[in-house]
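So the structure is just underneath, and the comments pick up after that.
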Amino acid sequence: MISASEALKIILDSIRPLETITAGLEQSSGSILGEEIVAPGDIPPFDNAAMDGFAVRSEDIRKVPVSLTVVGEIAAGSTPVNPLAPGEAMSIMTGAKVPAGCDVGIEQEWTERKSDNRVTILRSADPGHNIRRAGSDIRAATTVFTPGTFLRPQEIGVLASLGKRFVVIHRKPSIAILTTGNEVVEIDKPLPDGKIRNSNAYVLSALIRQLGCEARSLGIATDEKSDLKARIKEGLRADVLITTGGVSVGKYDLVMDALKETGVEIKFWKVNIKPGMPLLFGIHENKPVFGLPGNPVSAMVTFLQFVKPALMRLMGQRTYAPPLRLHARLEDEITKSDGKRHFVRGVLVNANGSIGVRTTGSQVSNILTSLSRADCLIVLPENRNQFKAGEEVEVELL
Ligand code: AMP
Ligand code: MG
């Protein structure tokens, strides 16, 4: 059986970012950049005042208090007409361009205005105080973002300040979700004896939305090959097909056969992890196909560990960014015996100022509420089976 790292490598090696499109800046948040962004000019474009107050010359305020002649006012958006001569000050507003000769801005709170044309500076300051230099944020002609940068609201702000009305981003994948299982019924239908409601499709669609993508549900396939194949064919029209259920070793676990018979090349089946061992991955015309196990916890864990990195790559991510792992002190002992990588549902606690983690109790993989109680997954490596209370383990936040 392949390891989690091998499985992830196979997945990431099999897919490439989708093609790029040009989009309006407002539509680009949550997408990944497909072009290099070089600054056309300095940001800020000119030296300007960081606070409301007075533009002065540092040599005039070495000894304070000192009285200076107020020769004018510079509002934000206007440009000073004259340079600042010795002994002079100008009233200046935050963001206004500083006059030539000025190298200090003195905040209003450090001054006393004696009359319309006199101000007393009460505190001294070094050259550069309250002056925001041209190019201090971004220098003209420098590379600001490289292709593969995820665009969050703050990156959108930087692009706006550079005047990028349109940006080249990667197209987001279309994703189809196929639920399988004779026992699974839609959530708005009556629940006959022996049946359960379809929670997986909703969990997966919510996870996909968290990544800024949309999923289309293909409904629930029965455990019959003809029904599975018909719906799989439909799903293969999307950029990504995700199925749940039917990938185990049961008599009616027919998803793998149905995938093969619809032309999907199976790249791997079964990964040395718990939960989620029966995970299946295949490729159809360069498009990834994931067969997630039906157990709700297994489906969510395998999505986070394997489908999410694949979606990020399709969205344009150039290098895999592993989830942030924190070190936490284990509150209760965990024993495993199977040499698998385990993802244990955990709750972070404050352990005298450092991070502690306890498990949510039973780890059976159908208990969805235990994932709801959890705020992290404790990642236990393959090569060790005994974890004592008090030792450090790695956790990934949920
Ligand atoms: P399977 O992987 O098909 O063997 O299913 C494993 C377990 O997950 C069984 O108990 C199923 O009833 C359950 N299961 C399968 N699909 C879903 C689903 N869409 N929503 C909730 N539970 C499911
Ligand atoms: Mg099933």
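Tell me, yes or no, whether segment 273-281 has at least one residue that is farther than 26 Å from Lys388 by Cβ, assigned to a loop (DSSP other than H, G, I, E, B) and open to solvent by less than 10 Å² (accessible area, probe 1.4 Å). Scanning segment 273-281 turns up at least one residue that is farther than 26 Å from Lys388 by Cβ, assigned to a loop (DSSP other than H, G, I, E, B) and open to solvent by less than 10 Å² (accessible area, probe 1.4 Å). Every test in (1) within 30 Å of Asn383 (Cβ to Cβ); (2) assigned to a loop (DSSP other than H, G, I, E, B); (3) more than 16 Å from ligand 2 (Cβ to nearest atom); (4) not aliphatic (A, V, I, L, M) is passed by Pro190 save one, and that test is (1). Kindly indicate whether Ile121 is free of Cβ contacts under 8 Å to residues at least 40 places away in the same chain and crowded, with 17+ Cβ neighbours inside 10 Å. Answer is no for this residue. Applying the selection to segment 312-324, what residues are open to solvent by 20 Å² or more (accessible area, probe 1.4 Å), out of contact with any Gly (no Cβ under 9 Å at 6 or more places or on another chain) and not aromatic (Phe, Trp, Tyr)? Met312, Arg313, Ala321, Pro322, Pro323, Leu324 - these are the residues of segment 312-324 that are open to solvent by 20 Å² or more (accessible area, probe 1.4 Å), out of contact with any Gly (no Cβ under 9 Å at 6 or more places or on another chain) and not aromatic (Phe, Trp, Tyr). Taken over segment 261-272, the criterion of being β-branched (Val, Ile, Thr) and either in contact (Cβ under 8 Å) with a residue 40 or more places away in the chain or assigned to a loop (DSSP other than H, G, I, E, B) (or both) is satisfied by Thr262, Val264, Val271.
Yes/no matrix, rows are residues, columns are (1) in a helix (DSSP H, G or I); (2) over 24 Å from the mean Cα position of the chain (by Cα):
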position	(1), (2)
Glu234	yes, yes
Leu241	no, no
Leu259	yes, yes
Met300	yes, no
Gln305	yes, no
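Residues in segment 157-184 that are surrounded by fewer than 18 Cβ atoms within 10 Å (Cβ to Cβ) and within 13 Å of ligand 1 (Cβ to nearest atom): Asn182, Glu183.
Of all residues in segment 193-215, count the ones that are part of a loop (DSSP other than H, G, I, E, B) and within 12 Å of ligand 1 (Cβ to nearest atom).
Taking segment 193-215 first, the residues part of a loop (DSSP other than H, G, I, E, B) are 193-195, 198-199, 211-214.
Adding the requirement that they be within 12 Å of ligand 1 (Cβ to nearest atom) leaves 194-195, 198-199.
Residues meeting the conditions: 4.
No other residue among Pro288, Pro309 is of a type outside the set (Gly, Ala, Ser), part of a helix (DSSP H, G or I), touching a residue at least 12 places away in the same chain (Cβ under 8 Å) and open to solvent by less than 20 Å² (accessible area, probe 1.4 Å) apart from Pro309.
The values are calculated or read from the model by the stated rules, or taken from the named source; none is laboratory data. Fair warning: this is a prediction, and the values are worked out from it, not measured in the lab. Glycine gets a Cβ as well: all are built from the backbone with ideal geometry, and neighbour counts include every protein chain shown. For accessibility, only protein heavy atoms count, side chains too; no ligands or nucleic acids. Shrake-Rupley method; radii C 1.70, N 1.55, O 1.52, S 1.80 Å.
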